[in-house]
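The values are calculated or read from the model by the stated rules, or taken from the named source; none is laboratory data. For clarity, every value in this text was computed on a predicted model and none was experimentally measured. Reconstructed Cβ throughout: ideal geometry from the backbone, glycine too, with neighbour counts over all protein chains shown.
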Amino acid sequence: MQGNILKSHGRDHSSHLLITFDTETPEHRRKAREFLSGLVESNLITTALQQWEEAKAYRDVQATIHGNGAITDKDVAALLLSASSVFVGVMVSAEGYRALKLDTRYMPDDPSFLAGAKARVDVLQDPPVEDWEDNFTVPLHALVIVADDVADRLESVVTQLKELLQGFCLRVGEETGTAMRLKADGEEDPSAPVREHFGFVDGVSQPLFYARDIDNARTRRGGIDRYDPSAPLDQVLVKDPGGKDTGYGSYFVYRKLEQNVEGFRDDEMALAKKIAEFAHPKTPTPTPEDIALAGAYMVGRFQDGTPVVERGVAGLGSLPNNFTFDADPDGVRCPFQAHVRKSNPRGDKQRQFGQPLTQERTVRIVRRAISYGKVTLQPGPDDKVGLLFLCAQSSIADQFEFIQNQWANNRNFLREHSGLDPVIGQIQQDQPDDDTLAGHWPKLYGSRNELDFSTNPPSVVGHTFALRLLGPWVTMKGGEYFFVPSLSALRAY
Ligand code: HEM
């Protein structure tokens, strides 16, 4: 099996080569297939086992460094570098399988994968393909991911791959990603957690597959008794029809998502103004805490990762993940439409509609995204920034598409008029832009009832207010669905 499925490759720099093979002649098709199998034969591909062993070697080096006070920073860097290698992974689209004329028995059979992302625009309310960027409007056959912590070492492998690809490709597009390790004020810091461009710590909650990671979550990351992050292997792995008995692969969704940071901040401020009006009507100018709370209502976590369902101010610090929305059935701590509540409702469906929790948990996806564009939390008006969103799953329709379509884009998720996901919700192009698009937000954090004392006895006037945000501020710029073939299948190409 290839790496980066059961566990992230964890490298901070990444290059994505989006390949359109020239498949007109049998000779070109043969070369393209040889390129793919050659990635395995030449040991360029990082296997899951290799990734596991390297991670162990990396930890061993770190332990050595930790116990050795005399070691210099330069030595530390060299030691860590020697313990890791450049990550390389490859995936193929359904169009790729067809164009390369691979044996149809090799073809993975997920219906959304077979249709391809361009055919799913209407289902997901994506912008029309003609509005996508050039890297994605063309037929994409394969994607090679190259990743490393050292930009120079990564570049030399990318150059090597581009040379190999010469002569039988119509086009090789490239997207580059950088994990933004930034402090809250936006200053770069190699030991800081990864943030996305709206300023929030990202990549916190993931389904976990390895006993070691689950054990870590249990003992060192706040426990797993309230929310269990473990997941069965069939959440992401499928038997590769082209592989041997031990050959497993996974479906990957790729989406380039542009983030309009200024727009998002304007909406955050509009929401903060309303929060301030209810919380302190005599001094209704929003405080920094109101603005932080507004952002947390939109995402479901504060910028530092504190879940807003747990408390109304940031500061829990250790990236907690052992939480559910059980104590907030009315959405007065974490609005129903908040990004993390929609994308992983953690039992909401069971509590509200009796839907089995086991069923909801099968929808979870494994995120492998990385930011693109300038590394900053204050991009200028001409800076194009966003997320190269990647996620792994065993069914695109039942996992990624279900989250995007049934939850994020659904304005009546859990409750009538709860609203669109303020981060990734998308609406139909011809949807009338009216008040039905407003979401409902808590008037006072954690308060279920607001009483009107002008009546006797006081009457309950509701605990939420409606506000139509001006987003979506995330725009899909193109994408494709891929399958990550097993090593044995690739070898047989
Ligand atoms: C969680 C941002 C796109 C699904 C998060 C978190 C942030 C975030 C800040 C919270 C931290 C964490 O748990 O990792 C973004 C941004 C996006 C984006 C800025 C686009 C530019 C998407 C898309 C999907 C998605 C397209 C899937 C349709 C999830 C899931 C979680 C999550 C499943 C974890 C929820 C949980 O388990 O608590 N995202 N996201 N995100 N996001 Fe996104």
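Would you mind stating whether residue 306 is away from the ligand (no atom under 16 Å from the Cβ), at pLDDT 95 or above and among the β-branched types (Val, Ile, Thr)? It is false that residue 306 is away from the ligand (no atom under 16 Å from the Cβ), at pLDDT 95 or above and among the β-branched types (Val, Ile, Thr).
Sub-8 Å Cβ pairs linking a first residue in the stretch 311-322 that is touching a residue at least 24 places away in the same chain (Cβ under 8 Å) to a second residue that is away from the ligand (no atom under 11 Å from the Cβ) and of a type in the set (Val, Ile, Thr), at least 6 apart or interchain, are 322/224, ordered by first then second residue. Among the residues of the stretch 196-213, write down those that are near the ligand (Cβ under 8 Å from one of its atoms) and of a type in the set (D, E, K, R). Those that are near the ligand (Cβ under 8 Å from one of its atoms) and of a type in the set (D, E, K, R): 196, 202. Selection of first residues in the stretch 216-240 that are of a type in the set (Ser, Thr, Tyr) and of second residues that are surrounded by fewer than 19 Cβ atoms within 10 Å (Cβ to Cβ) and not in a loop (DSSP other than H, G, I, E, B), restricted to Cβ pairs under 7 Å at least 6 apart or on distinct chains, gives the following pairs, ordered by first then second residue: 230/214.
So that you can scan it fast, the table gives a plain yes or no per residue for (1) within 22 Å of residue 308 (Cβ to Cβ); (2) touching a residue at least 12 places away in the same chain (Cβ under 8 Å); (3) in contact with a Ser or Thr (Cβ under 9 Å, 6 or more places away or on another chain):
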{"position": "337", "(1), (2), (3)": "yes, yes, yes"}
{"position": "340", "(1), (2), (3)": "yes, yes, yes"}
{"position": "362", "(1), (2), (3)": "no, yes, yes"}
{"position": "369", "(1), (2), (3)": "yes, yes, no"}
{"position": "376", "(1), (2), (3)": "no, yes, no"}
{"position": "392", "(1), (2), (3)": "no, yes, yes"}
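Of the residues making up the stretch 86-115, those that are small (Gly, Ala, Ser), within 27 Å of residue 426 (Cα to Cα) and surrounded by 19 or more Cβ atoms within 10 Å (Cβ to Cβ) number 3. Return yes or no: is residue 406 surrounded by fewer than 16 Cβ atoms within 10 Å (Cβ to Cβ) and either part of a loop (DSSP other than H, G, I, E, B) or near the ligand (Cβ under 9 Å from one of its atoms) (or both)? No: the conditions fail for residue 406.
Inspect all residues belonging to the stretch 145-155 and state whether any of them is out of contact with any helix residue (DSSP H, G or I) (no Cβ under 9 Å at 6 or more places or on another chain), surrounded by 16 or more Cβ atoms within 10 Å (Cβ to Cβ) and more than 25 Å from residue 384 (Cα to Cα). Taking every residue of the stretch 145-155 in turn, none turns out to be out of contact with any helix residue (DSSP H, G or I) (no Cβ under 9 Å at 6 or more places or on another chain), surrounded by 16 or more Cβ atoms within 10 Å (Cβ to Cβ) and more than 25 Å from residue 384 (Cα to Cα).
For (1) within 16 Å of the ligand (Cβ to nearest atom); (2) in contact with a helix residue (DSSP H, G or I) (Cβ under 9 Å, 6 or more places away or on another chain), each residue gets a yes or a no:
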position: 277; (1), (2): no, no
position: 281; (1), (2): no, no
position: 286; (1), (2): no, yes
position: 301; (1), (2): yes, yes
position: 319; (1), (2): yes, no
position: 325; (1), (2): yes, yes
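Taking the listed residues 333, 346, the one that is within 13 Å of the ligand (Cβ to nearest atom) and part of a loop (DSSP other than H, G, I, E, B) is 346, with no other qualifying. Within the stretch 346-374, being surrounded by fewer than 17 Cβ atoms within 10 Å (Cβ to Cβ) and closer than 29 Å to residue 178 by Cα holds for one residue alone: 374. Residues in the stretch 223-247 that are surrounded by 17 or more Cβ atoms within 10 Å (Cβ to Cβ) and over 22 Å from the mean Cα position of the chain (by Cα): 5 in all.
For the criterion of being crowded, with 19+ Cβ neighbours inside 10 Å and either more than 23 Å from residue 415 (Cβ to Cβ) or more than 24 Å from the chain's Cα centre (by Cα) (or both), residue 309 fails.
There is no residue in the stretch 384-391 that is surrounded by fewer than 19 Cβ atoms within 10 Å (Cβ to Cβ), at pLDDT below 95 and more than 12 Å from the ligand (Cβ to nearest atom). The set of residues in the stretch 174-195 being within 11 Å of the ligand (Cβ to nearest atom) and either surrounded by fewer than 14 Cβ atoms within 10 Å (Cβ to Cβ) or part of a strand (DSSP E or B) (or both) consists of 194, 195. Applying the set (1) in a helix (DSSP H, G or I); (2) exposed (fewer than 14 other Cβ atoms within 10 Å of the Cβ) to residue 52 leaves exactly one unmet item: (2).
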